[in-house]
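*Asks:* Attaching a single structure in C-alpha cells format; questions to follow.
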Amino acid sequence: MSDDPKALVREVLACRACEAAGYLERAHPIRPELVAEPRIMLIGQAPGQVTDRKGYHFAGPAGTFLDQWLARAGFPSGYFRQHVYLTSLTRCFPGKSPGGKGDRPPSRAEITLCRRFLEREFALLQPRVVLLVGKMAIDAFLGRRPLVETIGRVFEQDGRMLVPLPHASGVSRWLNAPAHRALLNQALEELSRLRVELRL
C-alpha cells in the first residue's frame with residue numbers, strides 16, 4: 001500500500017473483501033476524510049446506518065455526542081471535524097443485528113480484513129493521541145476487560161496515548177449509571193490534560 005493518503009482513499013473505496021468472503025451482501029466502504037491538520041485519531045467500531053447512507057464517518061448521533069464531549073474537554077468549536085481523523089475497525093456498515101436491536105457487531109474475521117487499512121492510517125498519521133470509542137475498539141487495543149477498568153484512564157502503547165471512551169450513540173445504557181458518567185467525566189479531564197500538555 002502506498003504512503004500517499006489519496007491512494008489509501010482509493011484502496012478503501014475499492015475494497016470488496018468482506019463481500020467476496022460472504023460476510024456482507026453489499027460492501028460500501030466509507031470514504032476516509034483527509035483532514036488538513038489531523039491532531040487526534042478516533043477509532044470506532046463500524047459505520048452505522050446513518051453513516052452508510054450519508055457516506056462519512058460518525059454522521060449520526062454518535063458524531064454529535066463526540067463533538068459535545070470534545071467541547072467539554074476544552075476543544076474549540078469545529079475541532080471534531082477539522083482536526084480529528086475519524087475511522088473505525090471496519091469500513092462498511094455490518095447491517096442490523098439479527099435480533100433486531102441495534103447494529104450487528106462486525107466479526108473478528110471482518111475486523112481482521114480491515115486491519116490493514118487501520119495500520120496504514122497509523123503509519124500515515126503518526127497520531128500522538130488515539131480515542132478508542134466503544135468496547136469493541138477498546139478491546140481491540142487493550143484486550144477484553146470491563147469498561148470500568150479502562151474509561152477514565154490513559155494508556156500508552158507504541159508511543160501513542162490511548163484514551164478509551166464509551167459508545168457515543170446516545171442509546172448506550174452504560175452511561176445511565178452515575179458512577180459510569182463520572183468515569184466519562186474523568187476521561188474527558190484526562191483528554192483536556194493531554195490537549196494542554198501536547199498542544200493539541
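The values are calculated or read from the model by the stated rules, or taken from the named source; none is laboratory data. Quantities reported herein were computed from a predicted structural model and do not represent experimental measurements. Because the Cβ atoms are built from the backbone with ideal geometry, glycine has one as well, and the counts that use them run over all protein chains shown.
*Asks:* For the stretch 112-129, what are the residues that are basic (Lys, Arg) and crowded, with 19+ Cβ neighbours inside 10 Å?
*Replies:* Our first condition is that a residue be basic (Lys, Arg); within the stretch 112-129, this holds for 115-116, 120, 128.
Within the stretch 112-129, ARG120 is the sole residue that qualifies.
*Asks:* I need a count of the residues in the stretch 150-181 that are out of contact with any Ser or Thr (no Cβ under 8 Å at 6 or more places or on another chain), under 26 Å from GLU197 (Cα atoms) and surrounded by 12 or more Cβ atoms within 10 Å (Cβ to Cβ).
*Replies:* Here the count works out to 15.
*Asks:* State yes or no: is ARG181 basic (Lys, Arg) and closer than 25 Å to GLU11 by Cα? Before the answer, list the steps.
*Replies:* Numbers: basic (Lys, Arg): yes; closer than 25 Å to GLU11 by Cα: no.
It is false that ARG181 is basic (Lys, Arg) and closer than 25 Å to GLU11 by Cα.
*Asks:* Is there a residue being more than 18 Å from the chain's Cα centre (by Cα) and over 27 Å from ARG195 (Cβ atoms) anywhere in the stretch 27-48? Before the answer, list the steps.
*Replies:* From the stretch 27-48, those more than 18 Å from the chain's Cα centre (by Cα) are 27, 36; that's our starting set.
Within this subset, residues satisfying the condition of being over 27 Å from ARG195 (Cβ atoms) are 27.
Scanning the stretch 27-48, I find at least one residue that is more than 18 Å from the chain's Cα centre (by Cα) and over 27 Å from ARG195 (Cβ atoms), so the answer is yes.
*Asks:* Answer yes if at least one residue in the stretch 97-107 is touching a residue at least 12 places away in the same chain (Cβ under 8 Å) and surrounded by fewer than 16 Cβ atoms within 10 Å (Cβ to Cβ), and no otherwise.
*Replies:* Yes.
*Asks:* Next question, about the same structure. Kindly list, by first and then second residue, each pair from a residue in the stretch 18-42 that is closer than 21 Å to ASP4 by Cβ to a residue that is in a strand (DSSP E or B) and not hydrophobic (A, V, I, L, M, F, W, C), limited to pairs with Cβ atoms under 6 Å and residues at least 6 apart or on different chains.
*Replies:* VAL35/TYR85; PRO38/TYR85; MET41/TYR85
*Asks:* Looking at this structure, is LEU86 in contact (Cβ under 8 Å) with a residue 40 or more places away in the chain, within 20 Å of SER192 (Cα to Cα) and of a type in the set (A, V, I, L, M)? Talk me through it step by step, then tell me what you get.
*Replies:* On the way: in contact (Cβ under 8 Å) with a residue 40 or more places away in the chain: yes; within 20 Å of SER192 (Cα to Cα): yes; of a type in the set (A, V, I, L, M): yes.
Yes, satisfied.
*Asks:* Moving on to the next point. What tally of residues in the stretch 24-44 results from selecting those that are over 22 Å from LYS101 (Cα atoms) and either part of a loop (DSSP other than H, G, I, E, B) or modelled with pLDDT under 90 (or both)?
*Replies:* Residues meeting the conditions: 11.
*Asks:* Same structure, new question: Among the residues of the stretch 1-23, which ones are in a loop (DSSP other than H, G, I, E, B) and either within 20 Å of THR112 (Cβ to Cβ) or at pLDDT 95 or above (or both)?
*Replies:* Just the residues of the stretch 1-23 that are in a loop (DSSP other than H, G, I, E, B), to begin with: 1-4, 15-16, 21-23.
Of everything in the stretch 1-23, those that are in a loop (DSSP other than H, G, I, E, B) and either within 20 Å of THR112 (Cβ to Cβ) or at pLDDT 95 or above (or both) turn out to be MET1, CYS15, ARG16, ALA21, GLY22, TYR23.
*Asks:* Out of curiosity, is GLU121 under 25 Å from VAL50 (Cβ atoms) and at pLDDT 95 or above?
*Replies:* Numbers: under 25 Å from VAL50 (Cβ atoms): yes; at pLDDT 95 or above: yes.
When the stated conditions are applied, GLU121 passes them.
*Asks:* Still on this model: Looking only at the stretch 63-83, decide whether some residue is within 10 Å of the chain's Cα centre (by Cα) and in a loop (DSSP other than H, G, I, E, B).
*Replies:* No - not one qualifying residue is present in the stretch 63-83.
*Asks:* Return the residues of the stretch 155-200 that are part of a helix (DSSP H, G or I), touching a strand residue (DSSP E or B) at 6+ places or on another chain (Cβ under 9 Å) and more than 16 Å from PHE65 (Cα to Cα); say none if nothing qualifies. Talk me through it step by step, then tell me what you get.
*Replies:* Quick first cut of the stretch 155-200, residues part of a helix (DSSP H, G or I) only: 173-176, 178-197.
Those left that are additionally touching a strand residue (DSSP E or B) at 6+ places or on another chain (Cβ under 9 Å): 184, 187-188, 190-191, 194-195.
Within the stretch 155-200, GLU190, LEU194, ARG195 qualify.
*Asks:* Something else: Across the stretch 11-22, what is the number of residues that are surrounded by 13 or more Cβ atoms within 10 Å (Cβ to Cβ) and either hydroxyl-bearing (Ser, Thr, Tyr) or out of contact with any helix residue (DSSP H, G or I) (no Cβ under 8 Å at 6 or more places or on another chain) (or both)?
*Replies:* Count: 3.
*Asks:* Select, from PRO127, PRO47, the only residue that is assigned to a loop (DSSP other than H, G, I, E, B) and closer than 22 Å to PHE155 by Cβ.
*Replies:* On the way: PRO47 fails: closer than 22 Å to PHE155 by Cβ.
Answer to the selection: PRO127.
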